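Engineer: Pasting a structure below so you can have a look.
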Amino acid sequence: MAEADRALFFWVNRGWHHPWLNDLFGAMTWLGVGWVQVLLALLVLWVARRYAERAWAPLYRGAFAPILIAWLASGVAAQVIKRLWDRPRPSNLAGALVAADERIFSKSFPSGHSCTTAAIAMVLTVVFWKRYPGVVVSAWLVTSLVMLSRVYRGVHYPSDVLGGALIGALCGYVVVAWWRRKGR
């Protein structure tokens, strides 16, 4: 398993290397940064409040608190697991191409970017699936690109991003179920 993970890492990290992909995956990684995610959520909430008569605005306002709670829960879960699971990052491997702004040599599993992004995508999935499936597809497309960016940029193995996404999706689902059960 570890050898397959390493081979897949190098296939993406070295095999896909191209200047225009550097910019694309740099931007995708940026979308996985926690404070950027919170700012984007606040921006969309502001738009929802400003255009409150639109059909989607009440749905988003109803999803806002679960998004923030799932984001926080998944981020905390990722950091706790990182401290328990001692896995070095692939940026320590000889031959790994690591983006200049990604000189991270701490623990690797799970990917926090993947975890928080998948948590947000899961909340959006549960809340918007029936009325706005395009929102759901877009959220998972962004999540997939954020995950891929972490491997491409040399800081996570494929299993790190998959594990992070599973943890995040689970956090998102649990938060929405809890939120609905509380009748909010």
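Engineer: What is the mean projected area of the alpha carbon convex hull for the chain, to one decimal in square nanometres?
Structural biologist: Values: hull surface 44.6 nm².
Computing the convex hull of the Cα atoms and averaging its projections yields 11.2 nm².
Engineer: Fewest Cβ neighbours within 10 Å first, please rank 147, 1 accordingly.
Structural biologist: Working: 147 25, 1 6.
Listed from fewest to most nearby Cβ atoms, that is 1, 147.
Engineer: Tell me the relative contact order for the chain as a rounded percent, counting alpha carbon contacts under 8 Å between residues six or more apart. Mind dumping the intermediate values first?
Structural biologist: Working: 279 pairs, mean separation 57.0, N = 184.
Relative contact order of the chain: 31 percent.
Engineer: Also: Where does each of 12-25, 74-87 land if you order them by average Cβ count within 10 Å, highest first?
Structural biologist: 74-87, 12-25
Engineer: Can you give the direction-averaged projected area of the convex hull of the alpha-carbon atoms in the range 75-128, in nm²?
Structural biologist: Numbers: hull surface 19.1 nm².
Orientation-averaged projected area of the Cα hull: 4.8 nm².
Engineer: Follow-up question, since we're still on this one. Would you order 115, 171 from fewest to most other beta-carbon atoms within 10 Å of each residue's own beta-carbon? Walk me through the intermediate numbers first.
Structural biologist: Numbers: 115 33, 171 27.
With the sparsest Cβ surroundings first, the list reads 171, 115.
Here, each number is a calculation from the coordinates, and none is a lab measurement. Note that the structure is a prediction, hence the values are computed from the model and not measured. Every residue, glycine as well, gets a Cβ built from its backbone with ideal geometry; the counts of neighbours run over all protein chains shown.
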